[in-house]
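The values are calculated or read from the model by the stated rules, or taken from the named source; none is laboratory data. Treat the numbers as computed from the prediction; the structure is a model and nothing was measured. Neighbour counts are summed over all protein chains in view; Cβ atoms, including those assigned to glycine, are modelled from backbone coordinates with ideal geometry. We work out accessible area using only protein heavy atoms, side chains counted, and drop any ligands, DNA or RNA first. Shrake-Rupley method; radii C 1.70, N 1.55, O 1.52, S 1.80 Å.
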Amino acid sequence: MALSAQQIPRWFNSVKLSSFITATHLGKQFQRRGKTLSHGFSAQPQMSSDNCFLPWGFKTYRTSSLWNSSQSTNSSRQEISSAQSALLPSINEQTQKTQKIPSFDSELSLEALDDLPPLSPLQPVSEEEAIQIIADPPLPPDTFTLRDYVDHSETLQKLVLLGVDLSKIEKHPDAANLLLRLDFEKDIKEILVFLKDLGIEDNQLGTYLTKNYAIFSEDLENLKTRVAYLQSKNFSKAHIAQMVRNAPFLLSFSVERLDNRLGFFQKELELSVKKTRDLIVRLPRLLTGSLEPVKENMKVYRLELGFKHNEIQHMITQVPKMLTANKRKLTEIFDYVHNVMSIPHHLIVRFPQVFNTRLFKIKERHLFLTYLGRAQYDPTKLNYISLDKLVSLPDEIFCEEIAKASVQDFEKFLKTL
């Protein structure tokens, strides 16, 4: 059955690509001047003895564009016969020289696969092919929480198992970029081993890393150098572990800064090497925090509160937090204890813990003792009550031993304030 000119492009699209390439190549070998069909292929009126275009099965077809309908049947046959007799020898010679042409059902060779154009992402696929496609799960879109990345990051999963609180870390804008770039085996594991050797326990790693996740960006050799420096200053391994737990950012500071801080406190407070070391062990945040509150509080103690230098030395070695305490809190407590309760400087120096107590607690107990007639803070008189007992005892013991009253009476009195 002959194909019409409109059916030819559709028929070519159903042919496999390998046969299409072969047919095109062979068509160029037999090409002569003639009329052109649609899609740029030349009409080849060469005929074989079995009434075919080529030996591989194109059936003869006629269109109005190739053959003039006004010509007679006889003239057409004569023209075809003459063309056949003239062309058959060349066709036969060519077919002898060429190898056997593969059929349309033959498979693509490896060379033909290399010449294939890349598949288009818009190329339709069948249902069976779509089922076989295995795609990686998509990364989450822009987000403000690390929780969305946990399923995609092995590093985050293992940090969670260690007890790291990602909800606190993600509040820092640079935390996500740092942690998501890290490889647990290459970047994190050696830091964890270092912290374990330093004395940080397993149940303390989560809390420590939550506060100082930036330690993963530090070079391991620098961390070891800072520990070696502290050991050279006679800090024991137990003291260093305690300092690192209480001041997580301690190892993030260079040796030069640590040395400058130790020198500052020894010079500013005029303490011995041993007392300076004990002060730092008890409050290691002095090495990592700002020095401005320390300088300001030293001026407050000397100029505003009227303490002598040796009295300041004694108080801060007993209560190191006095160096970083809030200035307003210090002045309010001193004003109430010294001016309202009439306690002199030297007694305050003996019990500096009063500066580490809430002011309302001091007021409540002093007013209750005043109500009972037992507010006596002079050590030279009977029924003396020291500041230490006033602020440090729990309510039950305070009422029983100091106020000589019941807890219920104390609670009823507080309701009258």
**OP:** Just need a number here: residues in the range 279-319 that are within 23 Å of E332 (Cβ to Cβ), aliphatic (A, V, I, L, M) and not in a helix (DSSP H, G or I).
**Re:** 3
**OP:** State the number of residues belonging to the range 350-375 that are closer than 16 Å to E400 by Cα, among the charged types (D, E, K, R) and surrounded by fewer than 16 Cβ atoms within 10 Å (Cβ to Cβ).
**Re:** 1
Subject >> Candidates L223, L250 - the one that is open to solvent by less than 80 Å² (accessible area, probe 1.4 Å), under 24 Å from N203 (Cα atoms), in contact with a Pro (Cβ under 7 Å, 6 or more places away or on another chain) and free of Cβ contacts under 8 Å to residues at least 40 places away in the same chain >> reply: L250
Subject >> Odd one out for V273, checked against (1) under 17 Å from I215 (Cα atoms); (2) open to solvent by 10 Å² or more (accessible area, probe 1.4 Å); (3) free of Cβ contacts under 8 Å to residues at least 40 places away in the same chain >> reply: (1)
Original post:
For the range 276-319, how many residues are more than 18 Å from F351 (Cβ to Cβ), over 39 Å from the mean Cα position of the chain (by Cα) and either open to solvent by 30 Å² or more (accessible area, probe 1.4 Å) or among the hydrophobic types (A, V, I, L, M, F, W, C) (or both)?
Top reply: 7
Subject >> Residue under evaluation L258, criteria (1) surrounded by 17 or more Cβ atoms within 10 Å (Cβ to Cβ); (2) over 41 Å from the mean Cα position of the chain (by Cα), criterion not met >> reply: (2)
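Rundown of residues vs (1) closer than 26 Å to V294 by Cα; (2) not polar (S, T, N, Q), yes/no style:
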{"site": "Q157", "(1), (2)": "no, no"}
{"site": "V164", "(1), (2)": "no, yes"}
{"site": "A175", "(1), (2)": "no, yes"}
{"site": "F184", "(1), (2)": "no, yes"}
{"site": "I188", "(1), (2)": "no, yes"}
{"site": "F253", "(1), (2)": "yes, yes"}
Subject >> Residue count, the range 320-338 (criterion: assigned to a helix (DSSP H, G or I), open to solvent by 60 Å² or more (accessible area, probe 1.4 Å) and within 21 Å of S392 (Cα to Cα)) >> reply: 4
**OP:** Restricting attention to the range 158-168, report how many residues are in a helix (DSSP H, G or I) and surrounded by 13 or more Cβ atoms within 10 Å (Cβ to Cβ).
**Re:** 4
